[in-house]
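Engineer: Could you have a look at this structure, given as structure tokens, before my questions?
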Amino acid sequence: IAYAITPDGSEDGISTEPEQQITFVLVADYPVLFRDTGYPSIDTNGTLRFTTRTNEFGSTNISVVLMDDGGSVDGGNDRSFVRTIELIVNPVNEGPTFAVEDVYTLKNGGTMGSDQMVHEIDGVLFDVSAGP
């Protein structure tokens, strides 16, 4: 996601401010996509990490700013320009699900078919879902 990361923004990758600590600040415009403990972050090697909520999908724009701890005293600049990452999480095609009641007790009765008794039992299957 990010490369040539230096506190002073030098394009050759050689920093003139090596003592400064740098941190990425990320803001997503659709934060519901992510678990509370999985909000997007970028480490100083440029690796983007995040964890989505279960069965959550959609897109979000993530604004990214790189900040250093040098401050802005004497006209200094401690932050980069804002960059935007568009992240698209596609839905997973999960199979349908259902639950079944395991045990039924039949009472005498029902409809007499040719040589058998026909029974109807409501509620054998429940929580039927086409998939999340």
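Engineer: Which members of the stretch 62-94 meet the condition of being in a strand (DSSP E or B), open to solvent by 70 Å² or more (accessible area, probe 1.4 Å) and either of a type in the set (Gly, Ala, Ser) or at pLDDT 90 or above (or both)?
Structural biologist: ARG83, THR84, GLU86, ILE88 - these are the residues of the stretch 62-94 that are in a strand (DSSP E or B), open to solvent by 70 Å² or more (accessible area, probe 1.4 Å) and either of a type in the set (Gly, Ala, Ser) or at pLDDT 90 or above (or both).
Engineer: Return the only residue of ARG35, ARG49 being farther than 30 Å from GLU19 by Cα, open to solvent by 90 Å² or more (accessible area, probe 1.4 Å) and not aromatic (Phe, Trp, Tyr).
Structural biologist: Working: ARG49 fails: farther than 30 Å from GLU19 by Cα.
Just one listed residue meets the conditions, ARG35.
The values are calculated or read from the model by the stated rules, or taken from the named source; none is laboratory data. These numbers come from a predicted model, not from an experiment. In case anyone asks, the SASA skips ligands and DNA or RNA and just uses the protein heavy atoms, side chains included. Shrake-Rupley method; radii C 1.70, N 1.55, O 1.52, S 1.80 Å.
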